1. Within the range 256-274, work out how many residues are more than 13 Å from residue 212 (Cα to Cα) and within 13 Å of ligand 1 (Cβ to nearest atom).
2. Looking at 315, 336, 364 in this structure, which one is within 21 Å of residue 185 (Cα to Cα) and in contact with a strand residue (DSSP E or B) (Cβ under 8 Å, 6 or more places away or on another chain)?
3. Residue under question is residue 187, and the condition is that it be at pLDDT 95 or above and assigned to a helix (DSSP H, G or I); does it hold?
4. If you check 414, 419, which single one turns out to be away from ligand 1 (no atom under 16 Å from the Cβ), within 30 Å of the chain's Cα centre (by Cα) and under 21 Å from residue 287 (Cβ atoms)?
5. Condition first: part of a helix (DSSP H, G or I) and surrounded by fewer than 21 Cβ atoms within 10 Å (Cβ to Cβ). Now tell me which residues in the range 154-175 satisfy that.
6. Which of the residues belonging to the range 267-279 are surrounded by fewer than 24 Cβ atoms within 10 Å (Cβ to Cβ) and within 24 Å of the chain's Cα centre (by Cα)?
7. Quick one: residue 437 ticks every box in (1) surrounded by 15 or more Cβ atoms within 10 Å (Cβ to Cβ); (2) in the same structural domain as residue 238 (by TED's automatic domain parsing); (3) free of Cβ contacts under 8 Å to residues at least 40 places away in the same chain bar one, so which box is it?
8. Scan the range 372-391 for residues that are over 13 Å from residue 310 (Cα atoms) and not in a helix (DSSP H, G or I) and jot them down.
Ligand SMILES: NC(=O)c1ccc[n+]([C@@H]2O[C@H](COP(=O)([O-])OP(=O)(O)OC[C@H]3O[C@@H](n4cnc5c(N)ncnc54)[C@H](O)[C@@H]3O)[C@@H](O)[C@H]2O)c1
Ligand SMILES: *[C@@H]1O[C@H](CO)[C@@H](O)[C@H](O)[C@H]1NC(C)=O
């Protein structure tokens, strides 16, 4: 293979050489312009792509749709600048602010964690309706059907309560919320609930009920002003206690489930943050809460479903003496009144800048119904409302953490904020069944009966 006259050296004819050189330089020029054009086109396209990617990235991450988004970077950036650049973020901030602004004189600004949950959604509505500002926080996890949480969210949305989707373990997000809103109270209801599920997924209890609680209190203690904290403990802390009724001063050092142990840990953690940082802390030990918009993992709820579907239901008896299992079932409206009463009587926290100036309030209350009912009786009431006979299987209660009997002494809550349960199980279940058949669109005798009954109301 020959390289020919390349390099221009050694050619005999001069004019030919010049021509060739001119031609070569022409070709070079043309090539370089082409190259320049091509490379500038490429540069333009790359720049456009990068710009688009950046815009895409920011719209995805701000407002925070996922718990682990980049609040930190945006958090520190100039808020005016970020509002101008990230319209979506400004809209989000506006929603947060509007939702938390009270509409009555001296109204509260309450951060409700677990607001898409059963108790959280009811409490959020009650507070909003009386003129308090309410901001919800919930991670919408799939422990039970998240579509029920979404439906509660829609209900809240229609009453101008905004729920931020995020995790209580996301400290950046919590700090951001406290930067936007000087919350006067936290109603902390987010938790991994359920006694039996703790054997399947124990670490979810530690993550939400222990780590998550600490994460929330860390932010609360450094907020200025510090909010007062009212939070959900559980009757399960009484564990193997046999003294009836359960009083707040009874032993709670023998939990029968990991769920109970994490709630007990919560009470110890509450003591610590009260003691060191002056956070006003009120723990509420709920006793088996039930009602409309309830939790599908609880017996009254899945009994209703299974009875309607003609499926067997398990009715537990105790190991000792085959006594029937009984619960102090508490209607949701009574629990809501208890939560609101606790918020209304909560004193201000006493710390600032991570230091306490004086002793702060530390309280624990039972919130129950004070009238235990056997599970057999519960099934009988459901049968009568549903117009269907249950297929009962009476079996010994498995040792999975459930306790055989609960009964609340609520005299402390009565003394301090007039707590007095007013709905018995029959009246409460009637409302639950009415909601259930309406929500799931079930045409049954129950629905007709309920219509007749509500016509009488
Ligand atoms: N319902 C009862 O009978 C009962 C009894 C005793 C105590 N409690 C306590 O009351 C509180 C409310 O219970 P509920 O029945 O409404 O339960 P729920 O499961 O309906 O509500 C809890 C909500 O918290 C959310 N959540 C869970 N972990 C979270 C996290 N890490 N970050 C953000 N959100 C999270 C869930 O998505 C859920 O919507 C819980 O603390 C529960 O342990 C309930
Ligand atoms: C209920 O609790 C109170 C304390 O709050 C106590 O004085 C009372 O004796 C208790 N009642 C019963 C029946 O145990």
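1. Within the range 256-274, residues that are more than 13 Å from residue 212 (Cα to Cα) and within 13 Å of ligand 1 (Cβ to nearest atom) number 7.
2. Just one listed residue meets the conditions, 364.
3. Working: at pLDDT 95 or above: yes; assigned to a helix (DSSP H, G or I): no.
Answer is no for this residue.
4. Just a single option satisfies the conditions, and that option is 414.
5. Answer for the range 154-175, where residues must be part of a helix (DSSP H, G or I) and surrounded by fewer than 21 Cβ atoms within 10 Å (Cβ to Cβ): 154, 155, 157, 171, 172, 175.
6. Of everything in the range 267-279, those that are surrounded by fewer than 24 Cβ atoms within 10 Å (Cβ to Cβ) and within 24 Å of the chain's Cα centre (by Cα) turn out to be 267, 268, 269, 270, 271, 272.
7. (2)
8. 372, 373, 374, listed by residue number.
The values are calculated or read from the model by the stated rules, or taken from the named source; none is laboratory data. It should be emphasised that the depicted structure is a prediction, and the values quoted were computed from it without experimental measurement. A quick note on method: Cβ atoms are made from the backbone with ideal geometry, for glycine too, and the neighbour counts reach across all protein chains shown.
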